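Taking it in order: structure first as structure tokens, then the write-up.
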Amino acid sequence: MRGAGQIDVMEVESVAPKRKVQPRRSAGTDRVEAGQAAGTDQGVKSDLDRKFWAAMAMFAGLAALVWFTMDAGSVMVFGRPAELRLIPLILIGALALRTVLARQAEKIRRNSQ
């Protein structure tokens, strides 16, 4: 007998067929491997360059939005006043630097093969 508020829980077995799950790869990795196998490295370069410049444009647009929409208030950082909008700008700049370094590393990897 159940008490008030208790619910019986039945275990239901899935009837869907089991399938083998392949590990996921990023789209850039698949294209680099496919490009190297087919010998079309130029198409891969232009695709990666296009993505890089699109990312840089997005970082610049985001930085402009931060600059024009955030208040110029200040907060104390390590005992010194810092403008509030500089904090997200530094973060966006760090992400842009990481993107530039990843592009350079990919160029070096591609040239060494």
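The values are calculated or read from the model by the stated rules, or taken from the named source; none is laboratory data. None of the values given here were measured: they were computed from a predicted structure. Neighbour counts are summed over all protein chains in view; Cβ atoms, including those assigned to glycine, are modelled from backbone coordinates with ideal geometry.
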request  = Could you run through segment 94-110 and say how many residues are in contact with a helix residue (DSSP H, G or I) (Cβ under 6 Å, 6 or more places away or on another chain) and not small (Gly, Ala, Ser)?
outcome  = 2
query = Just one of Val15, Val66, Val75 is at pLDDT 60 or above, of a type in the set (Val, Ile, Thr) and part of a loop (DSSP other than H, G, I, E, B); which is it?
reply = Val15
request  = Would you mention how many residues in segment 44-63 are out of contact with any helix residue (DSSP H, G or I) (no Cβ under 6 Å at 6 or more places or on another chain) and not acidic (Asp, Glu)?
outcome  = 12
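Among the residues of segment 88-109, are any modelled with pLDDT of 85 or more, touching a strand residue (DSSP E or B) at 6+ places or on another chain (Cβ under 6 Å) and not in a loop (DSSP other than H, G, I, E, B)? Steps first, answer last, please.
Kept after step one, since they are modelled with pLDDT of 85 or more, are these residues of segment 88-109: 88-109.
Then keep just the ones that are touching a strand residue (DSSP E or B) at 6+ places or on another chain (Cβ under 6 Å); that gives none.
Within segment 88-109, none of the residues are modelled with pLDDT of 85 or more, touching a strand residue (DSSP E or B) at 6+ places or on another chain (Cβ under 6 Å) and not in a loop (DSSP other than H, G, I, E, B).
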key: Search result, residues across segment 67-98 that are of a type outside the set (A, V, I, L, M), surrounded by 14 or more Cβ atoms within 10 Å (Cβ to Cβ) and either free of Cβ contacts under 8 Å to residues at least 12 places away in the same chain or within 19 Å of Asp49 (Cα to Cα) (or both)   = Glu83
task = Determine which member of the set Leu101, Leu84, Leu91 is over 20 Å from the mean Cα position of the chain (by Cα) and of a type outside the set (Val, Ile, Thr).
result = Leu84
